[in-house]
1. Using Cα atoms only, what is the angle between the long axis of helix 381-390 and the major principal axis of the chain, expressed in degrees (0 to 90) to the nearest 10?
2. Show which aspartates and glutamates lie in cross-link reach of K80 when reach means a straight Cα distance below 13 angstrom and same-chain residues fewer than eight apart are skipped.
3. What is the helix-to-structure angle for 582-594, meaning the angle in degrees between its Cα long axis and the longest Cα principal axis of the chain, kept from 0 to 90 and rounded to the nearest 10?
4. Quantify, in whole percent, the carbon and sulfur part of the accessible surface of the chain (1.4 Å probe; protein heavy atoms only).
5. Once you've got the Cα coordinates, tell me which of K502/K589; K426/K521; K407/K519 are over 20 Å apart.
6. So, by mean Cβ neighbours within 10 angstrom, what's the order for 610-619, 272-281, 509-518 with the highest one leading?
7. Given the peptides 293-302, 435-444, arrange them by the average over their residues of other C-beta atoms within 10 Å, most packed first.
8. How tilted is helix 310-327 with respect to the longest principal axis of the chain? Cα atoms for both, answer in degrees (0 to 90, nearest 10).
Amino acid sequence: MSKSRRLTAGHIVFAVLIPVAAMIYPGRLLCQVPRQRTSQETLPESSPREINRVRSAAMNLMNVKRYSDAIGLLEPICEKYPDRHDLTELLANSYMRAGRVEEARLFLDERLLLVPGRPGFIRILAAAYLDAGMREDALSLYESLLGESDRYAPNFILVSRMQWEVGMFDLAIETLERGARFSGYFEPCGREKLRLERLLGRNGAAFMTGLSLARELENPMKASNSILFDTFREAGMPDSMLGVVDSLSVEGSVNWRFFRLAAVLLRVERGEFERAIDYISGGAGIDLRPDELYYFASVVMRMKAGRDTEDYRRVYAAMLSTFMEKFGRSPVVPQMLLAAAVFNLESGDLAGKTGGGTEYYEQALAFADSVLRHPAGGSYRERAAVVKARILVDRLYRPEEALESLKGIAPRGERERARVDELMMKAWLASGRYDEADRWFDGLLSSPDSVRVALASFGQAMTSLYRQEWENAAGSFSELAEKFVWSPWANDALEHAVTIKKSMMSGTGPLTALVKARKLKARGRLEEAAALAVGVFESFPDSPAAPEAAWTGAECLLLLGRQEEALDLLASVISKAPLSGSAPRALEKTGSILEPGDPAGAASAYRRLIEDYPGYPFIARVRSRYLVLAGKDVGDMSEDGIDRRRVDSQDNGGQPEEIE
């Protein structure tokens, strides 16, 4: 018998098994077996690192939508290593995205026989069934993960997310309701149900789910319940919802004290401030516990964010007065005082947009000082000192007091230390005490921390600039930009260096005036600084210092509450100096000014920045703000009224994101 026709025992057994396999798995196993033999014969053993390298390569191919190439990489390695279920799921996803749904279905059908109940397989396979119109098969797969025994309890949230992915929104919520019946799963299933209801715009249902959760929790005030107030607002704050809460606040009922407090806070949300003040001051004859007052304070702090805060500030002041009167010796008093300081600081910033804010800042200082003097304020001392320094340096322009407040403050954390160093640098430069400032910077230059060295280098370059030592300043800024390219100061340093060097060639008169304007601004003499900076821009429009002068002038005008003038000046920078570093900054600033009142105008400014200045160092931040604003204005609604972009963004269904 010739070599080509010689049969071994193995061939005979294989020939006998093929018809049997074909009967068990018609149309599938017959075509799979040869491929498995080939892959096992040609693929050498691979180390875990090599397998993971293939996985990363496949994910990168999927990221650029080269699904066929990813399939070519994954098929042989999946055959050789069937126990690597992550690779199986990746290959099945590749089939699905390449439009080869039938192959994905057959492949996972086979793998599920080997690993029954694997959730990742079921998720993809169910999607394949739905794509093929096999809805009942998909539902059966989901049900295979569920049951009445406690061992199935963890699966209900998982299955609801699978159902949500494929648009079975009502079924996903029903699944969570079933899961909530298991001991220990009422809260997680309830929170997930609330989230989904809110995504669907069913704010009334979400509000009722939130109330159900609050009834079951041992202490609702220890949980995050901000969503209860958010859904109330989003549902239009109807009397009927308040009525439900009032009915739950009957003395003696489950968690009645929480619902009594929640009813008052919901009325604060509706703008019924006087009633809240009367309640919190004891006018209703109700004895409040310290934890209730603390919870009240935390919710009011969240509510007032980004709003006109005068009424919220009055409510908070009434709460703080009651707290101090009744529980003045409580160890949480310093935390309450610090929150009041931050409250007034933020209130001042909002009022400052119309030229006010000083009164709020003074009150914030008083609260910060109260923390520093309090016997139990030790653990809050650093934070209070930083809040105080922020107010003194950036809002009230009293740098010497800021330097005094930061003496002895040495935070351990890197972020906190960097914040204190930056405030110290600003205070030293604003004080005009440049020799002392240089000595302080010299101390930082010897630090092993390169972040502190970069800041000190920038500070010393600024002292040279303020002394009008042009060559020394230009050299120092250039060296910093080259040596500490990763530093947040590098971009400013490079721009300063270019401006100084160009001004030295064309004339330093405008630059001298700009430096004077910046000194005046740092001392709080905003009217003089604005007039001088705007004068430089208008009188010397071709000067290298002109764009930075316009930027400085716009900042001063904004601090003075003259928003329209500031916007006009920023527009001039963009049109007259489009190639300067100040132009993209002016566009971003324009967008941030317009956002509260004109989101469409802000989005337009951000879009122009993204298109015209893709290399802007903070382009990611700008793109993020643009997408938020575009999401408000650009409709992408399906026939059932669901915003698909919003729904899909919650879970990308395992979309690869790994880049090596």
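1. 60 degrees
2. Here the aspartates and glutamates satisfying the reach criterion relative to K80 are E41, E45.
3. 80 degrees
4. Numbers: 17100 of 32870 Å².
The nonpolar share, carbon plus sulfur, comes to 52 percent.
5. K502/K589; K407/K519
6. Order by mean packing, descending: 509-518, 272-281, 610-619.
7. Packing order, densest peptide first, comes out as 293-302, 435-444.
8. The two axes meet at around 90 degrees.
The values are calculated or read from the model by the stated rules, or taken from the named source; none is laboratory data. The shown structure was predicted, so the numbers you read here are calculated from the model rather than taken from an experiment. FYI the Cβ positions are ideal-geometry reconstructions off the backbone, even for glycines, and counts take in every protein chain you see. The area values use the complete protein model at the heavy-atom level, side chains included, leaving out ligands, DNA and RNA. Shrake-Rupley method; radii C 1.70, N 1.55, O 1.52, S 1.80 Å.
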